[in-house]
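Visitor: Provided herewith is a single structure, encoded as structure tokens, for subsequent inquiry.
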Amino acid sequence: MIVDLRSDTVTRPTPAMRQAMAEAPVGDDVYGEDPTVTELERRVATLLGHEAGLFVPSGSLGNQLGLRLLVGPGEEIVCDGGAHIARAELGAAAVFSGITFRTWQAERGLLDVDAVERLIAPNAGPYQVSTVAIEVENTHNFGGGTVQPADRLAAVQALAREHGLGLHLDGARLWNAHVATGTPLAELAGGFDTVSVCLSKGLGAPVGSVLVSSAERVAQARVWRKRYGAGMRQVGILAAAGLHALDHHVARLADDHARAARLAAALGADPAAAPTNIVVLDVDDAAAVAAVAAEQGVLVSALGPRLLRLVTHLDVDDDGIDRAVTVLRPHVRG
Ligand SMILES: Cc1ncc(COP(=O)(O)O)c(C=O)c1O
């Protein structure tokens with residue numbers, strides 16, 4: 001039996017989720033006629049305190065549509081150096097939208113509002129790139145599932161307002177932040193102009209993200225989604241998986257968090273550094289440890305020469321955690 005801790009994207013739909021997918025009413029969503037997609041978009045928008053939502057195939061597309069609505073070609077967005085949009089979307093913002101980035105350094109991905117303030121250059125004139133938006137990731141993936149503190153979110157929102165800057169939230173794992181803190185989703189997402197959330201990470205759907213924003217921006221995003229070739233037809237069968245996940249897989253994220261804390265403690269990491277479902281470990285040779293563990297049926301990600309990432313999710317139970325600890329403990333410090 002393989003214990004796959006590489007990512008929370010590796011989950012397979014449960015039998016109940018497959019059943020919901022099979023029974024979903026569908027229509028042509030490019031014509032706006034898929035009732036299940038429409039229901040999912042409305043539901044997520046309401047949950048997140050926004051006017052409207054748009055179902056998209058991936059978190060990357062949700063982010064890229066959000067960015068392009070806020071930032072024009074030759075303008076810049078600022079984010080931390082470990083942000084998914086900066087490191088893991090393969091330059092999409094530059095390729096598709098002509099957007100440039102500058103980044104601040106963030107310990108474990110934790111939002112540093114003083115650093116943001118030092119970095120931004122709004123209305124920079126004809127010789128320098130003007131900052132027009134700020135991006136925040138919550139929870140922070142490469143930072144180790146870091147939850148952004150409420151006071152820092154409020155401060156970055158005030159900073160953006162003060163300078164007339166747009167704010168995008170990469171909320172691929174916002175559900176985890178919600179469950180870890182008990183803060184309502186609308187409170188976590190409401191202060192941002194555009195927000196992308198994923199259904200295919202901890203929530204366990206096979207595919208799908210939702211971009212939420214004002215009705216006007218979402219109407220523009222719908223045009224761009226089609227232009228990018230991601231207008232989809234009878235995708236209510238996929239949206240149904242998302243609706244099922246919202247009904248059944250949000251509260252249970254607390255189990256993933258408890259398992260991640262147990263993994264962190266057993267492997268000598270500070271459990272406080274694994275507040276949600278991601279554990280990042282510093283090892284001598286990450287690729288070598290990942291290879292040895294894989295031979296014993298435990299899959300983990302080598303994110304850098306010394307950095308291992310372990311992610312708990314729907315398809316890893318307590319026995320899987322025990323097995324991972326047994327296999328990994330000889331290879332980690334602590
Ligand atoms: C924080 C974050 N944002 C965005 C994405 C992109 O999601 P997708 O793989 O669906 O494009 C990921 C993927 O893991 C992520 O971790």
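The values are calculated or read from the model by the stated rules, or taken from the named source; none is laboratory data. Predicted model only: the values in this text are computed from it and were never measured. Neighbour counts run over all protein chains shown; Cβ positions are idealised from the backbone, glycine included. To get the accessible areas, we keep the full protein, side chains included, count just its heavy atoms, and leave off ligands, DNA and RNA. Shrake-Rupley method; radii C 1.70, N 1.55, O 1.52, S 1.80 Å.
Visitor: If I filter the range 231-265 down to residues being of a type outside the set (A, V, I, L, M) and open to solvent by 70 Å² or more (accessible area, probe 1.4 Å), which single residue comes out as nearest to PRO35 (Cα to Cα)?
Guide: GLN234
Visitor: Now a separate question. Within the range 280-294, identify whether any single residue is of a type outside the set (Lys, Arg), under 20 Å from GLY202 (Cβ atoms) and open to solvent by less than 70 Å² (accessible area, probe 1.4 Å), and answer yes or no.
Guide: yes
Visitor: Examine the range 165-178 for a residue that is part of a strand (DSSP E or B), without any contact (Cβ under 8 Å) to a residue 60 or more places away in the chain, within 14 Å of the ligand (Cβ to nearest atom) and acidic (Asp, Glu), and state whether such a residue exists.
Guide: Within the range 165-178 (the criterion being part of a strand (DSSP E or B), without any contact (Cβ under 8 Å) to a residue 60 or more places away in the chain, within 14 Å of the ligand (Cβ to nearest atom) and acidic (Asp, Glu)), the answer is no, since none of the residues qualifies.
Visitor: State whether one or more residues within the range 72-89 are acidic (Asp, Glu), away from the ligand (no atom under 16 Å from the Cβ) and open to solvent by less than 20 Å² (accessible area, probe 1.4 Å).
Guide: yes
Visitor: Looking only at the range 189-230, filter to residues that are of a type in the set (D, E, K, R) and away from the ligand (no atom under 13 Å from the Cβ); which one of those is least open to solvent (accessible area, probe 1.4 Å)?
Guide: By that ranking, first place goes to ARG225.
Visitor: Any residue in the range 221-243 that is more than 11 Å from LEU65 (Cα to Cα) and among the charged types (D, E, K, R) sitting within a Cβ distance under 9 Å of a residue that is at pLDDT 95 or above and assigned to a loop (DSSP other than H, G, I, E, B)? List the pairs, counting only those 6 or more apart or interchain.
Guide: ARG233/VAL26; ARG233/GLY27; ARG233/ASP28; ARG233/ASP34
Visitor: Can you name the condition, by its number, that ALA269 falls short on among (1) outside any helix (DSSP H, G or I); (2) open to solvent by less than 40 Å² (accessible area, probe 1.4 Å); (3) touching a helix residue (DSSP H, G or I) at 6+ places or on another chain (Cβ under 7 Å)?
Guide: Unmet condition: (3).
Visitor: How many residues are under 20 Å from THR100 (Cα atoms) and more than 12 Å from the ligand (Cβ to nearest atom) when one looks only at the range 132-155?
Guide: Going through the range 132-155 one residue at a time, the tally reaches 3.
Visitor: Out of everything in the range 126-169 that is of a type in the set (Asp, Glu) and surrounded by 16 or more Cβ atoms within 10 Å (Cβ to Cβ), what residue ends up being nearest to PRO271 (Cα to Cα)?
Guide: Among them, the one singled out is GLU137.
Visitor: Right, here's the next one. Identify the residue in the range 108-125 that is open to solvent by 50 Å² or more (accessible area, probe 1.4 Å) and without any contact (Cβ under 8 Å) to a residue 12 or more places away in the chain and, among all such residues, is nearest to PRO305 (Cα to Cα).
Guide: Taking the candidates together, the pick is ASP114.
Visitor: For the range 48-63, which residues satisfy the criterion of being open to solvent by 10 Å² or more (accessible area, probe 1.4 Å) and either among the aliphatic types (A, V, I, L, M) or without any contact (Cβ under 8 Å) to a residue 60 or more places away in the chain (or both)?
Guide: Within the range 48-63, ALA52, SER60, LEU61 qualify.
Visitor: Could you count how many residues in the range 52-71 are in contact with a strand residue (DSSP E or B) (Cβ under 7 Å, 6 or more places away or on another chain), within 16 Å of the ligand (Cβ to nearest atom) and in a loop (DSSP other than H, G, I, E, B)?
Guide: Qualifying residue count, the range 52-71: 1.
Visitor: For the subset of the range 94-150 comprising residues that are among the β-branched types (Val, Ile, Thr) and part of a strand (DSSP E or B), which member is nearest to LEU5 (Cα to Cα)?
Guide: So the residue we want is THR146.
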